[in-house]
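Peer 1: There's a structure below that I have some questions on.
The values are calculated or read from the model by the stated rules, or taken from the named source; none is laboratory data. Keep in mind the model is a prediction, meaning the values are calculated, not measured. Using ideal geometry, Cβ is built from the backbone for each residue, glycine included, and neighbour counts are taken over all protein chains shown. Remember, those area values only see protein heavy atoms, side chains included, never the ligands or the DNA or RNA. Shrake-Rupley method; radii C 1.70, N 1.55, O 1.52, S 1.80 Å.
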Amino acid sequence: MLEVIISKQVDIYIAIATSIFGAVLGLMLSKVFSSEPKNVGVGTSITQVVTINTINNNASEIRKHTQQETEVFMFLGGVFVFVGLTLYGFFRTAILTSLLYGGFFLLSVWIGAVLRSMVSGRFKGIAWSIYLLYVIAFMIMYFIAIDLAFNPLHAPDNFQYVEKIINQAGWSGLERSFIIDDLLWFVVHLCGVCALIFTLWQITMSLLHIIVAGNSISSGNPDSWIVRKTAKYCTPWSNIIFFTLFILFGGAMVSGIFLHWVQHEIPIILKELMNIVLYGRG
C-alpha cells in the first residue's frame, strides 16, 4: 500500500494544489458575484438564511413549472458519448488527466464558494457541513476511480500500450495486439469512463444549482436562467446515494473488477448454489 501511495505522489500533490487553487478561486468568485441583500427602509438590509432544504424545495418548485427539454439533452448526450469514445483511444492519457484535475478544480471552486457563504452567515445549518464532507469524500472516490482507469486491476496484457498502438496504426493495429475476447473488456472499460464523465457532469450541475440558487435566495433576487436550467439536477440527499453508486460502479467497470466478477466469480457462486440446491450441504 505504501509503495502505491509513493508511486502516486506527483498525482496527489498536483491534485492537492489544484484543489487549493480551486477553493481560493471559489472564495474570490463568491465575493465578486455575490449580490447585496435587498434594502428595507433606510440603511436596513435583510439577508435570508439558506439551508440545503430551502434550495431543495425551491428546485422542486422550479421543476414543477418548467418544461424539460429531454430530447435535446438526449441528443447532445449521444453525440458527446460517440465523440468521446472515438477520441478516447487516441487521447486516453490526456482525457483521463483532464477529467482528474478538471473535476478536482470544479469541486474545489464550489467548496470555496460555500465556505465563504457559511462564514458570512448566508448559509447556515449542520446540513451544509455534512454536504461539504460528502463532496470531499466524493473527490477521494473520484481520484481513486480515475487512477483505476489509468491502471486497471484486470486488463488485457497490452492494454497499457493501447494509446501508442492506435496512434501509430489506427484501429486496425489493435487486431495484432489484442484478441477478439478483449473487445468486451474494452467496451465495459469505455462504459465505465462514460459513467465517470456522466457522474462528474451530474454533480457539477447539482452543485452549480446549489451555490447559485442559494445566493439568489439569500439576496432575495429572482431565479436566474442558470437556476432554472439546473433545477432538475438538484435533489441533494438522493444525489448522495446516486453519485456514490455511480462512482463505485464506474470505478469497478474501468478497473476490470466488474467484468472479472461477472465472468469468473459469479459462475463459481452460481455453481456452488446449484450444488447446494441439488445435493444439499452434506
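Peer 1: Hey, could you check segment 61-80 for residues that are open to solvent by 60 Å² or more (accessible area, probe 1.4 Å) and of a type in the set (A, V, I, L, M) and say which is modelled with the lowest pLDDT?
Peer 2: Checking each candidate, the answer is Val72.
Peer 1: In segment 139-180, how many are in a helix (DSSP H, G or I) and either under 19 Å from Ser255 (Cβ atoms) or among the polar types (S, T, N, Q) (or both)?
Peer 2: So the answer is 20.
Peer 1: Among the residues of segment 246-282, write down those that are open to solvent by 70 Å² or more (accessible area, probe 1.4 Å) and either in contact with a Ser or Thr (Cβ under 6 Å, 6 or more places away or on another chain) or of a type in the set (Ser, Thr, Tyr) (or both).
Peer 2: Tyr279
Peer 1: Which one of these is without any contact (Cβ under 8 Å) to a residue 60 or more places away in the chain, out of contact with any helix residue (DSSP H, G or I) (no Cβ under 6 Å at 6 or more places or on another chain) and of a type in the set (A, V, I, L, M, F, W, C): Phe246, Phe242?
Peer 2: Phe242
Peer 1: Now for a separate question. Given the condition surrounded by 14 or more Cβ atoms within 10 Å (Cβ to Cβ) and assigned to a loop (DSSP other than H, G, I, E, B), answer yes or no: does some residue in segment 102-122 qualify?
Peer 2: yes
Peer 1: Being more than 23 Å from the chain's Cα centre (by Cα) and either surrounded by 13 or more Cβ atoms within 10 Å (Cβ to Cβ) or not in a helix (DSSP H, G or I) (or both) is the filter here; which residues of segment 123-138 pass it?
Peer 2: If the condition is that a residue be more than 23 Å from the chain's Cα centre (by Cα) and either surrounded by 13 or more Cβ atoms within 10 Å (Cβ to Cβ) or not in a helix (DSSP H, G or I) (or both), then Phe123, Lys124, Gly125 are the ones that fit.
Peer 1: Could you say whether any residue in segment 222-230 is over 20 Å from Leu248 (Cα atoms), among the charged types (D, E, K, R), open to solvent by 10 Å² or more (accessible area, probe 1.4 Å) and in a helix (DSSP H, G or I)?
Peer 2: Yes, that holds for at least one residue.
Peer 1: Another question, if that's okay. Quickly run through segment 81-101 and pick out the residues that are modelled with pLDDT of 65 or more, assigned to a helix (DSSP H, G or I) and not hydroxyl-bearing (Ser, Thr, Tyr).
Peer 2: Val83, Leu87, Gly89, Phe90, Arg92, Ala94, Ile95, Leu96, Leu99, Leu100
Peer 1: With open to solvent by less than 20 Å² (accessible area, probe 1.4 Å) and free of Cβ contacts under 8 Å to residues at least 60 places away in the same chain as the only criterion, which of Gly214, Gly173 stands out?
Peer 2: Only one candidate qualifies: Gly173.
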